[in-house]
Amino acid sequence: MLSLSEEQRMLLDSLERLAENEFADDAFDWQGETPWENIELLADKGYLGINIDVDYGGGGMSELEAIMTIETVGSVCPDTAQFLYEQQMVAPRAIEMFGSEAVKEEYLPPVTAGEDMIAVGISEPEAGSDVGAMNTTCEDVDGEFRLNGEKVWVSSVEEASAAVIWTKFPGEGLGSVLIDLDDPGVEMGTHNRNMAGHTQSQFYMKDVHVPKTHVLTRGKDAFKEQLKALNWERLGSATLGNAIAHAALERALDYAEDRSQFGQPVADFQGIEWMIADATKKLQASRALTYQAAIAAEERGRIPDRLQTSIAKLYSAEIAEEVVSDSLQLFGANGYQQGHPLEYLYRMVRGRRIAAGTDEMQKNSIADVVRDDGLPSLT
């Protein structure tokens, strides 16, 4: 589907072999736990932080290669791909884009070495999709920044050492800062486990000291750039959804060929063939939308287009859930049992319609662009 360079093809071929040989056997044993063994192996082989600069231990490639690695690994082991998505497309990427040199040198190498994670705190009890309603503030008090507020639904806090925090700078608007999660004034609240078994945490910040070097974005124009960068997170989320759908459909295909009913393989029944055809059509269309948006972003200097990104993220979230549901249906009662790969994928894929911007927010974004700029042209 893509016109890959020789370097990209070699990267994906070797990564696919590694995933099949090393990750496949226990791919569905993690049940939301971070697969550190897999992460360390990826780091040893140079596949972790593929889009982070080589000066900080990364691969020095682009976000396009990064989402390729997410899809390749996620088709085999979705929990390993979840780590790649979070640590290549979200908080560490914000640090590399907006952080001071000292901050990048301190925080990025442990991530690319597979030794650490960095979380991102955006949501609050009264501010989810409406980030403008957040109450977390970072104020300049006698020449020092003090951070106060609360964050909820933050992933990976139990294992991460630091977090990128979205905050208000009074009188200036939104911005972001980096804090250590063991800083004085950071107090952990509840740790909740979502449907897929991933932990999402609540924590409080009271007069947390933020060094000036740890201010990532501040001021209207700077934060606009961070919002643009957030579109890469949406493309990463779309890629993860595509990978989960691929993993489900591939297992369903194998089962349909092996399972016989009424004297023939289940896959020979026309109704099943149509289900397979529809699922394949949806998945290929979603992959095309995702990669089209990623390639266009690279051509524009690594700046994703809001409309393309929102469409790709929304469509992937919708079809991934449909494909996984149909794949589970093909397994019948077997797929519905706890501990079955399809049961886990079904729980995991539901989060794609919420994380990185809900379906409803993506629809709002699409409509806003079309109303302002008209329908996209053919050129």
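The values are calculated or read from the model by the stated rules, or taken from the named source; none is laboratory data. Predicted model, so just to flag it, every value in this text is computed and none were measured. Note that we place each Cβ from the backbone using ideal geometry, even for glycine, and neighbour counts take in every protein chain shown.
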Taking region 99-120 and the residues there that are outside any loop (DSSP other than H, G, I, E, B) and among the charged types (D, E, K, R), the one that is nearest to Ala355 (Cα to Cα) would be Lys104
By my count, strands (runs of 3 or more DSSP E) wholly in region 160-266 with at least 1 residues that are among the acidic types (Asp, Glu) and surrounded by 13 or more Cβ atoms within 10 Å (Cβ to Cβ) are 173-180
The residue from Tyr315, Tyr336 that alone is on the phi < 0 side of the Ramachandran plot, among the aromatic types (Phe, Trp, Tyr) and loosely packed, with under 14 Cβ neighbours inside 10 Å is Tyr336
What are the residue pairs meeting all of these: first residue in region 273-295, first residue within 20 Å of Ile70 (Cα to Cα), second residue hydroxyl-bearing (Ser, Thr, Tyr) and buried (at least 18 other Cβ atoms within 10 Å of the Cβ), Cβ atoms under 8 Å, and 6 or more apart or on different chains? Ala285/Tyr315; Ser286/Tyr315; Ser286/Ser316; Leu289/Tyr315; Leu289/Ser316; Thr290/Thr239; Thr290/Ser316; Ala293/Thr309
Collect the residues in region 236-292 that are of a type in the set (Gly, Ala, Ser), over 22 Å from Tyr336 (Cα atoms) and at pLDDT below 95, keeping them in residue-number order. Gly263
Of (1) surrounded by 24 or more Cβ atoms within 10 Å (Cβ to Cβ); (2) within 23 Å of Leu41 (Cβ to Cβ); (3) in contact (Cβ under 8 Å) with a residue 60 or more places away in the chain, Leu84 satisfies every one except (3)
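A quick yes/no check of all residues on (1) touching a Ser or Thr at 6+ places or on another chain (Cβ under 6 Å); (2) in the same structural domain as Gly339 (by TED's automatic domain parsing); (3) of a type in the set (D, E, K, R):
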residue	(1), (2), (3)
Asp13	no, no, yes
Ala24	no, no, no
Gly32	no, no, no
Ile50	yes, no, no
Gly57	yes, no, no
Ala66	no, no, no
Val73	yes, no, no
